[in-house]
């Protein structure tokens, strides 16, 4: 499902979730989890968790170059970006730590037992899933100017899921004749024209969503999302107009954004990372052949390697400040009109405010030069 500004609502989320969950288990084993019992230590524990997770996630993320969404973001990039969002929005971490403390009250330090990994991973997954929807809701608001909550993002996702389920039922005709009839509201003995007409979510009728949900218990044994005891979607069950408007919005944006799916720039989606990799490789090869670069070059090479852990918008902001908007060495997919995007555009792409991006950029620059200076001192 695509929506303006969102990055985590498509097929790649499952890979992002698994990557964050697996790496988090390794990171949580390296920190003092007993600190969750003291709320005053939760902030410091987030720093410990980030320090432990970042290198593990970065190493695994480099192997996760598969597409995470239709915009060219990889699974690894999306996972790393969400870790940075966790630092920027610590209430999600505090809620996670509080849930661990509550579970400790029921069964003690379960995280010390191998059997506790499943529960620990579930709580990590829940933390990142709620953060994901908040990030995408904020980005949707930034992209459209319309208010959006995490619950609204959840509603969009449910409708996307319902459309796919109806699509599968239609595709199963005539083996699914009874369920098709229940959804379209008339007999389906002959192939219904609706099956041929529904080519996208924009063509999915809102009344089909309601009937699909109402009949789901009959065909699967479990009530549909609009017909459970939960209040989450209760208002939609009696409002085909509202459902129709939401379906049309999803469909319109998917049609608009699909125009760029075959664009050539997608083939170079990872050129920026490859560019930095090549820089590190050339430095390593020159050292291996006995040609000694200057200490300053070697120091900057090591510092640039460290910079690769930063999200792409932060890296671009660093180069924008240090080298300016136009430089022949920039990868083509970094540039628009021959120059890097503005700081405002980079902030929008990264889903953060300009002050937040500026703060992260300046911190990265400070780390870049600080590490270079330390390397020079060590060389001397």
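Points worth noting:
- Check on residue 84, in contact with a helix residue (DSSP H, G or I) (Cβ under 9 Å, 6 or more places away or on another chain), in a helix (DSSP H, G or I) and under 22 Å from residue 119 (Cβ atoms): no
- Scan of segment 2-21 for residues that are surrounded by 15 or more Cβ atoms within 10 Å (Cβ to Cβ), in contact (Cβ under 8 Å) with a residue 24 or more places away in the chain and more than 15 Å from residue 131 (Cβ to Cβ), ordered by number: 2, 3, 4, 5, 10, 12, 15
- With respect to the stated conditions, residue 79 fails to be touching a residue at least 24 places away in the same chain (Cβ under 8 Å), over 22 Å from residue 347 (Cβ atoms) and buried (at least 22 other Cβ atoms within 10 Å of the Cβ).
- Which listed residue is in contact with a helix residue (DSSP H, G or I) (Cβ under 6 Å, 6 or more places away or on another chain), in a helix (DSSP H, G or I) and over 14 Å from residue 8 (Cα atoms), from 120, 78, 131: 120
- The single condition among (1) under 29 Å from residue 354 (Cβ atoms); (2) surrounded by fewer than 16 Cβ atoms within 10 Å (Cβ to Cβ); (3) touching a strand residue (DSSP E or B) at 6+ places or on another chain (Cβ under 8 Å) that residue 73 does not meet is (2).
- Filter result for the condition that a residue is out of contact with any strand residue (DSSP E or B) (no Cβ under 8 Å at 6 or more places or on another chain) and surrounded by 14 or more Cβ atoms within 10 Å (Cβ to Cβ), over 256, 226: 226
Conditions tested, residue by residue: (1) at pLDDT below 95; (2) in the same structural domain as residue 180 (by TED's automatic domain parsing); (3) touching a helix residue (DSSP H, G or I) at 6+ places or on another chain (Cβ under 7 Å).
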| position | (1), (2), (3) |
| --- | --- |
| 206 | no, yes, yes |
| 209 | no, yes, yes |
| 221 | yes, yes, no |
| 227 | yes, yes, yes |
| 232 | yes, yes, no |
| 235 | yes, yes, no |
| 240 | yes, yes, yes |
| 248 | yes, yes, yes |
| 257 | yes, yes, no |
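- Candidate set from segment 100-119 (those that are more than 17 Å from residue 31 (Cα to Cα) and modelled with pLDDT of 90 or more); member that is surrounded by the most Cβ atoms within 10 Å (Cβ to Cβ): 103
- Test for residue 132: is it buried (at least 16 other Cβ atoms within 10 Å of the Cβ) and either at pLDDT 95 or above or assigned by TED's automatic domain parsing to the domain that holds residue 45 (or both): yes
- For segment 78-98, the criterion of being more than 23 Å from the chain's Cα centre (by Cα) and more than 18 Å from residue 307 (Cα to Cα) is met by at least one residue.
- The residues of segment 36-49 that are without any contact (Cβ under 8 Å) to a residue 24 or more places away in the chain and surrounded by 15 or more Cβ atoms within 10 Å (Cβ to Cβ), listed by number, are 41, 48.
The values are calculated or read from the model by the stated rules, or taken from the named source; none is laboratory data. Note that the structure is a prediction, hence the values are computed from the model and not measured. No Cβ is skipped: glycine too gets one built from the backbone with ideal geometry, and neighbour counts run over all protein chains shown.
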